[in-house]
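Asker: Quick one: the structure is below, and I'll ask about it shortly.
The values are calculated or read from the model by the stated rules, or taken from the named source; none is laboratory data. Predicted model, so just to flag it, every value in this text is computed and none were measured. Reconstructed Cβ throughout: ideal geometry from the backbone, glycine too, with neighbour counts over all protein chains shown.
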Amino acid sequence: MAALAAFCVGLSKGGLPAVGSIAVPLMALYINPLTAAALLLPIYLISDGFGLWLYRHNFSARNLIILIPAGLFGVFIGYLVAPHVSVPIINLGVALIGIWYCLRAWLGGATANQTRPADVPRGVLWGTIAGITSFISHAGAPPYQMYVLPQKLPKLVFAGTSTITFAAINLAKLPPYLALNQFPQFQTIPTAILIAAAVAGAFAGAKVTKIVSEKAFFMAVQITLFFISLRLIWKALADLI
């Protein structure tokens, strides 16, 4: 299961960011979600390197200028509140955001299909939320996509912007996870296998991103997001009950 989670992490760095949101829920079936997030962080950081190389020429500079500082601020907030906030509540909120976006995109008609620019207020809001949810459970994709998908960026630019943004956010999570003493809990994990799975996923994700059409690409992202959100709701309700 850990290897499958690492492969999903690699897919997300290869250009399919929503797929990475599956990783922590998979691991959380067996261990504490925050521990699962810390366990996967080194895999994220290594696969980030491959993703940065794959998409070094494809990104939206304006989005990065807005999203990275907001995301780092969100990581700081996540560090402050993580020990005091129920993880199921966070997961439930993230899931509802994801489902709301998908339903709006599919059923909202012309308004949902209008192209929106990369504006600062929305970028700061959703970037901060992405930083918080990414810190808690590496589930930054839904709020991130709430802001970026309406811009209708070219698929490679979308993939590259996602990769660079979350590479910065993931690097910022390293000191807080160390401070929360999560890393010593998984010394026996076969890290080499997880790294290999993540690297394979990164190249597979890049290949898929390049060969599929833009319409199919974004529909796949939305469908993935929808089912991830349903899974998060199921788990959050089960944990609360």
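Asker: Do any helices (runs of 4 or more DSSP H) lying entirely in the stretch 1-116 carry at least 1 residues that are surrounded by 14 or more Cβ atoms within 10 Å (Cβ to Cβ) and modelled with pLDDT under 85, and which ones are they?
Answerer: The helices (runs of 4 or more DSSP H) meeting that bar are 2-13, 23-28, 33-54, 87-107.
Asker: Anything in the stretch 186-208 that is surrounded by 14 or more Cβ atoms within 10 Å (Cβ to Cβ), modelled with pLDDT under 75 and over 14 Å from MET1 (Cα atoms)? List them, or say none.
Answerer: Correct list: PHE186 only.
Asker: If you check LEU230 against the conditions, is it modelled with pLDDT of 75 or more, part of a helix (DSSP H, G or I) and within 21 Å of the chain's Cα centre (by Cα)?
Answerer: Judged against the criteria, LEU230 is a match.
Asker: For LYS215, work out the one condition from (1) modelled with pLDDT of 75 or more; (2) surrounded by fewer than 14 Cβ atoms within 10 Å (Cβ to Cβ); (3) out of contact with any helix residue (DSSP H, G or I) (no Cβ under 8 Å at 6 or more places or on another chain) it doesn't fulfil.
Answerer: (1)
Asker: Among ALA220, ALA204, ALA139, ALA159, which is within 18 Å of the chain's Cα centre (by Cα) and not in a helix (DSSP H, G or I)?
Answerer: Answer to the check: ALA139.
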